[in-house]
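What follows is one structure encoded as structure tokens, with my remarks underneath.
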Amino acid sequence: AAAYENIQVETDGAVGIIRLDRPKAYNALNAALVDEVGHALRAFEADDTVGCMVLTGSEKAFAAGADIKEMQEKSYADVQREDFITDDWEVLTHCRKPVIAAVAGFALGGGCEFALMCDMIIAADTAQFGQPEVQLGIIPGAGGTQRLTRSVGKSMAMYMCLTGDKIDAQTALQAGLVAKVVPADDLMEETLKAAQKIAGLSRPVVATCKEAVNRAYETTLSEGVLFERRAFHGTFALEDRSEGMQAFIEKRKPEWKHR
Ligand code: CAA
């Protein structure tokens, strides 16, 4: 296994788990950490035994944002040249296997944005989400004005981005930012349950389904529905489609070929 300094990586059956582990800075996302996350994601993407991924942090923090101490010295020319927040962050959005964010404690600034790049968020009841960038004299730079707005709508996004106030897990649930809120002690167990379920399905079906949902963010409704219909038709070419329906009729569990 690769030696990482800012993350821990393990597998649980067919689920790849990446744990952000920079406790001295509430998992603040410095370049080294983001680079390691990208490396680990690519490794899981390439690993045929992995069907779903989980990105998580500690009990106290998913991540407290981009590393302020690392950003502090940067000039306009620096951030412009580096195209900071760099493409490294976006590796998450290029994964074809589903990625679930399991969030406990702080998910602030880039931490909230990192979670939003995942396919869904499962939150502990201790989770707090926020975009406090305005309090530093900057604005969100990794999707906080864009992915967050599409996730929670204009009013809540404006509230979070303009006041910098944190919202709690229940508020995040009501706003549609998270899929589920669970007791903090059960966060990994509940998240792994969902991840194992996904990892146990037909891989091409899961990848196609994820792709179709993501089209909803990138295109018009009629184009998205057309994409969905053609992708739906495509699943009829799979042996797993025949097996899934046959198993239903025979009242047994399907045995997916493409796992
Ligand atoms: N960057 C660098 N270091 C950070 C950090 C960050 N984002 N967040 C916390 N830390 C460090 C603190 O500097 C402190 O280090 P020292 O012990 O060396 O002083 C350590 O973590 C513990 O933090 P606190 O003493 O502040 O702990 P707390 O319990 O009082 O507060 C907190 C916790 C509410 C998370 C608070 O640390 C905080 O508000 N952090 C900053 C949150 C923030 O502003 N995030 C947005 C960053 S900008 C961004 O993300 C841009 C973008 O869009 C990509």
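The values are calculated or read from the model by the stated rules, or taken from the named source; none is laboratory data. Just so it is clear, the structure is predicted and the values come from calculations on it, not from any experiment. Here the Cβ positions follow ideal geometry from the backbone for every residue, glycine too, while neighbour counts run over all protein chains shown. Each accessible area value is taken on the protein alone, full model and side chains, heavy atoms only, with ligands, DNA and RNA left out. Shrake-Rupley method; radii C 1.70, N 1.55, O 1.52, S 1.80 Å.
Please give the contour-minus-distance gain from ASP165 to ARG230: 0.36 nm per residue of separation, less the Cα-Cα distance, rounded to one decimal in nm.
The ASP165-ARG230 span can extend by a further 19.1 nm.
Tell me, what is the per residue accessible area of the chain in Å², probe radius 1.4 Å? Could the numbers behind the result be given before it?
Working: 14160 Å² over 259 residues.
That works out to 55 Å² for each residue.
Would you list, by chain and number, the lysines whose Cα falls below 22 Å from the Cα of LYS251, excluding same-chain residues fewer than 8 positions away?
Hits, sequence-local ones excluded: LYS197.
Residue by residue through segment 49-54, what is 3J(HN,Hα) from phi via Karplus (6.51 cos²θ - 1.76 cosθ + 1.60, θ = phi - 60°)? Round to whole Hz and write x for glycine and proline.
Computed from phi, the couplings for segment 49-54 are 7, 9, x, 7, 10, 10 Hz.
What is the sum of charges, Lys and Arg at +1 and Asp and Glu at -1, for the other residues whose Cβ falls under 14 Å from the Cβ of LYS24?
Result for the local shell: -1.
Would you look at the GNM of the chain, springs on alpha carbons closer than 10 Å, and say which of MET117, MET53, MET71 moves the most?
Result for the chain, Cα springs under 10 Å: MET71 fluctuates most.
Within segment 90-117, which residues have the backbone N less than 16 Å from the label spot 7 Å out from GLN135 along Cα→beta-carbon, could you tell me?
105-113
Please compute the length gained on full extension between LYS69 and GLU243, using 0.36 nm multiplied by the number of residues separating them and subtracting their Cα-Cα distance. Write down the numbers at each step before the final one.
Working: separation 174, 0.36 × 174 = 62.64 nm, distance 5.42 nm.
Value of the extension gain: 57.2 nm.
Given contacts defined as C-alpha pairs under 8 Å and at least six residues apart, what's the relative contact order of segment 191-259, whole-number percent?
Computed value for segment 191-259: 36 percent relative contact order.
Nearest-5 percent of antiparallel DSSP beta bridges in the chain?
25
Among the listed pairs LYS97/LYS180; LYS74/LYS97; LYS154/LYS210, which have their C-alpha atoms separated by more than 32 angstrom in this model? Kindly include the intermediate steps, with their values, before the conclusion.
Working: LYS97/LYS180 20 Å; LYS74/LYS97 34 Å; LYS154/LYS210 24 Å.
From LYS97/LYS180; LYS74/LYS97; LYS154/LYS210, over 32 Å: LYS74/LYS97.
In whole percent, and with a 1.4 Å probe on the protein chains, what portion of the accessible area of segment 122-259 is carbon and sulfur?
Reported share for carbon and sulfur atoms: 56 percent.
Before anything else, pin down the relative contact order of the chain: Cα pairs under 8 Å, at least 6 apart, normalised by residue count, whole percent.
So the answer I get is 16 percent.
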